[in-house]
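The values are calculated or read from the model by the stated rules, or taken from the named source; none is laboratory data. Since this is a predicted model, take the numbers as computed values, not measurements. Positions of Cβ are backbone-derived with ideal geometry, glycine not excepted, and every protein chain shown enters the neighbour counts.
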Amino acid sequence: MNDSLSVDTMYGDFSDQQRHLYAKHELMRHVAEDPSINAALKRIAKQSGIAAVAKLESSWSNLPLQVSIGQHIVAYAENELKITWQWFAKELYLLLKARLIGGVFGDYTNTPGIAQEDTRRRQLPDADIVRRNAVWFYRNRIKRPPDSLAALAREYHQPRHLPKNCPNCDDRKTVRDAIHEAERVLALTVMNKESQP
């Protein structure tokens, strides 16, 4: 008998595109609140030549400045965070713009699937698993300093079991597999209706 769960068994009938949207939303929510990432984005803005807040609105229409900021953000994402997804660099760019000019970052309320899923969340625990996996990915791979697999496994294990009942329980494999699944889902390129043939 095979002990490993297939993705379909784990997530029921969710499509990968839905999983990607849920995971992306949760990941970027944590990234937007990360003080070290926000400090790095401020540093990038300064390196790119944005000095005065009063000049920001006109600065965004400057194509060479946009390219410079984009290059710095891609370098930061790839070299420091070790994330090479194009969508991630774009989201960091939008986060920087929202932080400097103002406005709402990451408002996914009108994204197809998210609003509908949030209203049914209690009936769909699989969405919670996708979100949890994205948070673990953030905490283990992006956050500085990162949380260890063992720390995440202990945190996951404690509310579920009393230490006396299972002194040899080890949930590191569960956490590791969840992080790998989040990475797989987040690495997907989600097609929108306009880009489909």
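Let's see how each residue does on (1) more than 18 Å from the chain's Cα centre (by Cα); (2) at pLDDT 90 or above; (3) not β-branched (Val, Ile, Thr):
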{"site": "143", "(1), (2), (3)": "no, yes, yes"}
{"site": "151", "(1), (2), (3)": "yes, yes, yes"}
{"site": "160", "(1), (2), (3)": "yes, no, yes"}
{"site": "163", "(1), (2), (3)": "yes, no, yes"}
{"site": "177", "(1), (2), (3)": "no, yes, yes"}
{"site": "193", "(1), (2), (3)": "yes, no, yes"}
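Which count do you get for residues in region 75-87 that are within 16 Å of residue 36 (Cα to Cα), surrounded by 14 or more Cβ atoms within 10 Å (Cβ to Cβ) and out of contact with any Leu (no Cβ under 8 Å at 6 or more places or on another chain)?
Within region 75-87, the first condition is being within 16 Å of residue 36 (Cα to Cα), and the residues that meet it are 75-83.
Then keep just the ones that are surrounded by 14 or more Cβ atoms within 10 Å (Cβ to Cβ); that gives 76-78, 81, 83.
From what is left, the residues that are out of contact with any Leu (no Cβ under 8 Å at 6 or more places or on another chain) are 78, 81, 83.
Total satisfying the criteria: 3.
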When you go through 42, 46 one by one, which is the residue that is modelled with pLDDT under 85 and within 21 Å of residue 100 (Cα to Cα)? 46
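Among the residues of region 140-158, which ones are part of a loop (DSSP other than H, G, I, E, B) and either touching a residue at least 40 places away in the same chain (Cβ under 8 Å) or under 28 Å from residue 39 (Cβ atoms) (or both)?
Restricting attention to region 140-158, the residues satisfying the condition of being part of a loop (DSSP other than H, G, I, E, B) are 143-148, 158.
Hits for region 140-158 are 143, 144, 145, 146, 147, 148.
Let me confirm something: among 56, 65, 92, which residue is among the hydrophobic types (A, V, I, L, M, F, W, C), modelled with pLDDT of 90 or more and touching a helix residue (DSSP H, G or I) at 6+ places or on another chain (Cβ under 9 Å)? Outline the logic, then answer.
Numbers: 56 fails: modelled with pLDDT of 90 or more; 65 fails: modelled with pLDDT of 90 or more.
From the options 56, 65, 92, the qualifying one is 92.
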